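Following: one structure in structure tokens, then a few remarks.
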Amino acid sequence: MTYIAFARKYRPQVFDDIIGQSHVTTTLKNAISQDRVAHAYLFAGPRGVGKTTAARILAKALNCEKGPSPKPCNACSSCKDITQGSSLDILEIDGASNRGIDEIRNLRDNVKFAPTRGRFKVYIIDEVHMLTPEAFNALLKTLEEPPKHVKFIFATTQAHKVPATILSRCQRFDFRRLAAKDIAESLKAIVKEEGVRIDDEALALIAKYSDGGMRDAQVMLDQMSSFTKGKVGIKDVTKILGVVEDEALFSLSEALKDKDAAKALGILDTLVNEGKDVIQVSLGLIEHFRNMAITRIAPQADNLIEAGPDKIERYRAAAQAFTIEDILYIVYTLSNAIDLIKKSTLARAPLEAALIKLTLNHSMVPISDIIKRVEDLEKNTPPALKTPSQTSATVENSGGAPLKMRSDAAKTGVNNPSDKPSAKLSDKSINKSPVATLQADEPDNLPRSPGLEEVLSSWAAIINYITPKKISVASYLQEGSPSAIEGKKLSIEFPKELQFHKEMLETQENKAIIEAAIKSVLGKELSVVLALSEAAKPPRRRSAPSGMGGEDGFDDSGAAEKEVDPIFKTAMEIFGGDVSGESSDGKKVK
């Protein structure tokens, strides 16, 4: 007797045998029972999930001698002919090889003939999306108004390629991928019937790598049954399918945890020499870390991981060595490596580079922690004070506004009780501005008049105040320069070539944002007037008085000025760096 493959031998013969598609089978059975069968159906879904099988069972149910019946008898001559593929009334057409207009014209000419034996002539067109546009157009009229004895059933894996004119004339059913546990249960019934000895863990692995397709799983099982005369184990399955074993994946994750690049590369080399595909290794590692992430995020959601209880506990234990940010970074890095592997002639090189990168990488710091540290930094920035015994220096922050800073006490945080501050921070500036603005060279008892000098010294604070509210306004405004104050009007000039910036800021909404920022930082209301100048310059305060050169000072020409934001400087002190951008051990700060 000729050997029959499992995929053919165990193909469902009634609707109830189709697994995982109850939303389709129930509707079709009810339609047959109620005599509401449509003239055209479209079955869409991935490969091997039962589309063509359902089409054959529907044709059998319509033409059964004891029907039409939701459950064909499979004993009458009509059912047997359809099962064997010899029925003259059921025409299966391959859309990939019969895709032209001539084939569809022949079909259109033949539909008018009555069925030979059954009640209906059923046309099953597989991979219908492969038909040409001209073929689809030739089919339209016949599909919309076919003879009463004709039914059309289309099957496709790419429904999006089927024209809307065809879709509108069909009842569409979307077939789903099958759950791995459903596939495994079906495979258990097959091995029991065939007498094949195979581990449940091996069956679960086959079901997992079938990608939701019953046919793929049956083909794999058929191959396994021929591999050995004894019992098929998990190692046999991994060897035949080229699957990366769990032990190798756990060893790789341990190498990443220990930052051991040599160990990781050695494991990869072993896998490649065993014939494992590099992309398969990458995908296995991604899934491995995905399962670890699930155990961290949803500890009770074991149903999200296709593994036994013992392996899930192992995932849970291994995940403790990584933060969620670490795992996400690893997954993204490996995903990018797969893209490079597909483009590279040396497939293993991108994965090796990714593993080296991951072993050299330090732990990821959650962005929420970084934000909190920056916020704490802004709140705790110490006021810059000047004392007679200390040398002061005028520096500029990133916005170009000069600030008066202490050279010694600001760094050490130690104040001499006899020191008298000659400059202090504006209270409103500290509370409302992201940058502490220094009101220098002004006695404390003078009224706060919003003069041009004060606007210039607070210009960076004003821009920083606007940035989180509307960054585009801050970006445009940074190119301008306060030029004059007349009454309660502040003039801001832009170079002639930046007319676009001026026009963008002249909208009522944007001017309101600028004026609100000025009021918040300076405590005074000023209306903004925007103008163009032949050569507007960035806001600069006057140079430090002569004689303030030295370690922390600048010469009169300003050539030795450094743009140092006080918050940035304090941040560098907190995080172990200095204003030159180097950490305390001499390495560049990144």
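Could you list, in sequence order, all residues of the range 117-152 that are out of contact with any Cys (no Cβ under 9 Å at 6 or more places or on another chain), under 14 Å from Phe43 (Cα atoms) and open to solvent by less than 10 Å² (accessible area, probe 1.4 Å)? The answer is Tyr123, Ile124, Ile125, Val128. When the criteria are applied in full, Gln499 meets the requirement of being within 14 Å of Ser533 (Cα to Cα) and touching a residue at least 12 places away in the same chain (Cβ under 8 Å). Within the range 96-120, the residues that satisfy the criterion of being over 22 Å from His149 (Cβ atoms) and touching an Asp or Glu at 6+ places or on another chain (Cβ under 6 Å) are Ala96, Ile101. Here the condition is being out of contact with any helix residue (DSSP H, G or I) (no Cβ under 6 Å at 6 or more places or on another chain) and closer than 22 Å to Gly48 by Cα; of Gln223, Gln218, it holds for Gln223 alone. Do we find that Gly480 is in contact (Cβ under 8 Å) with a residue 40 or more places away in the chain, open to solvent by less than 50 Å² (accessible area, probe 1.4 Å) and on the phi > 0 side of the Ramachandran plot in this structure? Here the answer is no, as Gly480 does not meet what is asked.
Please work out which residue is modelled with the highest pLDDT, limiting yourself to the range 91-107 and to residues that are open to solvent by 40 Å² or more (accessible area, probe 1.4 Å), within 30 Å of Ala7 (Cα to Cα) and touching a helix residue (DSSP H, G or I) at 6+ places or on another chain (Cβ under 6 Å). In this case the residue turns out to be Ala96. Asp326 falls short on exactly one of the conditions (1) over 29 Å from the mean Cα position of the chain (by Cα); (2) modelled with pLDDT of 85 or more, and that condition is (1). Here Ser86 meets each of (1) within 49 Å of the chain's Cα centre (by Cα); (2) at pLDDT below 90; (3) not acidic (Asp, Glu) with one exception, condition (1).
Filter the range 306-327 down to residues that are of a type outside the set (Asp, Glu) and over 19 Å from Glu254 (Cβ atoms) and give me whichever is surrounded by the most Cβ atoms within 10 Å (Cβ to Cβ). In this case the residue turns out to be Gly308. Restricting the range 281-302 to residues that are open to solvent by 50 Å² or more (accessible area, probe 1.4 Å) and assigned to a helix (DSSP H, G or I), the residue that is modelled with the lowest pLDDT is Asp302. On inspection, Ala31 qualifies as open to solvent by less than 30 Å² (accessible area, probe 1.4 Å), at pLDDT 90 or above and in a helix (DSSP H, G or I). Within the range 264-283, residues that are without any contact (Cβ under 8 Å) to a residue 60 or more places away in the chain reach partners that are among the hydroxyl-bearing types (Ser, Thr, Tyr) with beta carbons closer than 6 Å, at six or more positions or on different chains, in the pairs Ile267/Ser251.
Within the set of pairs 6+ apart or on separate chains, which have a first residue in the range 2-26 that is in contact (Cβ under 8 Å) with a residue 60 or more places away in the chain, a second that is among the aromatic types (Phe, Trp, Tyr) and surrounded by 13 or more Cβ atoms within 10 Å (Cβ to Cβ), and C-beta atoms under 7 Å apart? If the second residue must be among the aromatic types (Phe, Trp, Tyr) and surrounded by 13 or more Cβ atoms within 10 Å (Cβ to Cβ), the pairs left are Gln21/Phe175; Val24/Phe173; Val24/Phe175. The single condition among (1) more than 48 Å from the chain's Cα centre (by Cα); (2) modelled with pLDDT of 90 or more that Lys66 does not satisfy is (2).
Return yes when Val219 is open to solvent by 50 Å² or more (accessible area, probe 1.4 Å) and out of contact with any Lys or Arg (no Cβ under 8 Å at 6 or more places or on another chain) and no when it is not. Considered against the rule, which asks whether it is open to solvent by 50 Å² or more (accessible area, probe 1.4 Å) and out of contact with any Lys or Arg (no Cβ under 8 Å at 6 or more places or on another chain), Val219 comes out as yes. Kindly indicate whether any position in the range 192-215 is open to solvent by 10 Å² or more (accessible area, probe 1.4 Å), among the acidic types (Asp, Glu) and either modelled with pLDDT of 90 or more or closer than 18 Å to Glu127 by Cβ (or both). So far as the range 192-215 goes, no, none of its residues is open to solvent by 10 Å² or more (accessible area, probe 1.4 Å), among the acidic types (Asp, Glu) and either modelled with pLDDT of 90 or more or closer than 18 Å to Glu127 by Cβ (or both).
A search for C-beta distances below 9 Å between a residue of the range 156-172 that is β-branched (Val, Ile, Thr) and any residue that is open to solvent by 80 Å² or more (accessible area, probe 1.4 Å), counting only pairs 6+ apart in sequence or on different chains, returns Thr157/Arg47; Thr165/Asn137.
Here the range 252-270 is the region considered, the condition is being buried (at least 17 other Cβ atoms within 10 Å of the Cβ) and not aliphatic (A, V, I, L, M), and the residue that is farthest from the chain's Cα centre (by Cα) is Lys263.
Restricting attention to the range 486-534, the residues that are open to solvent by less than 20 Å² (accessible area, probe 1.4 Å), under 13 Å from Lys470 (Cβ atoms) and β-branched (Val, Ile, Thr) total 1. The single condition from (1) touching a Lys or Arg at 6+ places or on another chain (Cβ under 9 Å); (2) in contact (Cβ under 8 Å) with a residue 40 or more places away in the chain; (3) open to solvent by 20 Å² or more (accessible area, probe 1.4 Å) that Glu245 fails is (2). Of all residues in the range 86-105, those that are among the hydroxyl-bearing types (Ser, Thr, Tyr) have Cβ atoms under 6 Å from Cβ atoms of residues that are surrounded by 13 or more Cβ atoms within 10 Å (Cβ to Cβ), 6 or more apart or on another chain, in Ser87/Asp81. Residues in the range 40-90 that are among the basic types (Lys, Arg) and not in a loop (DSSP other than H, G, I, E, B) were compared, and the one that is surrounded by the most Cβ atoms within 10 Å (Cβ to Cβ) is Lys60.
The values are calculated or read from the model by the stated rules, or taken from the named source; none is laboratory data. Worth saying up front: this structure is predicted, and the values here are computed from it rather than measured. Using ideal geometry, Cβ is built from the backbone for each residue, glycine included, and neighbour counts are taken over all protein chains shown. Only protein heavy atoms, including side chains, enter the accessible area calculation; ligands, DNA and RNA are left aside. Shrake-Rupley method; radii C 1.70, N 1.55, O 1.52, S 1.80 Å.
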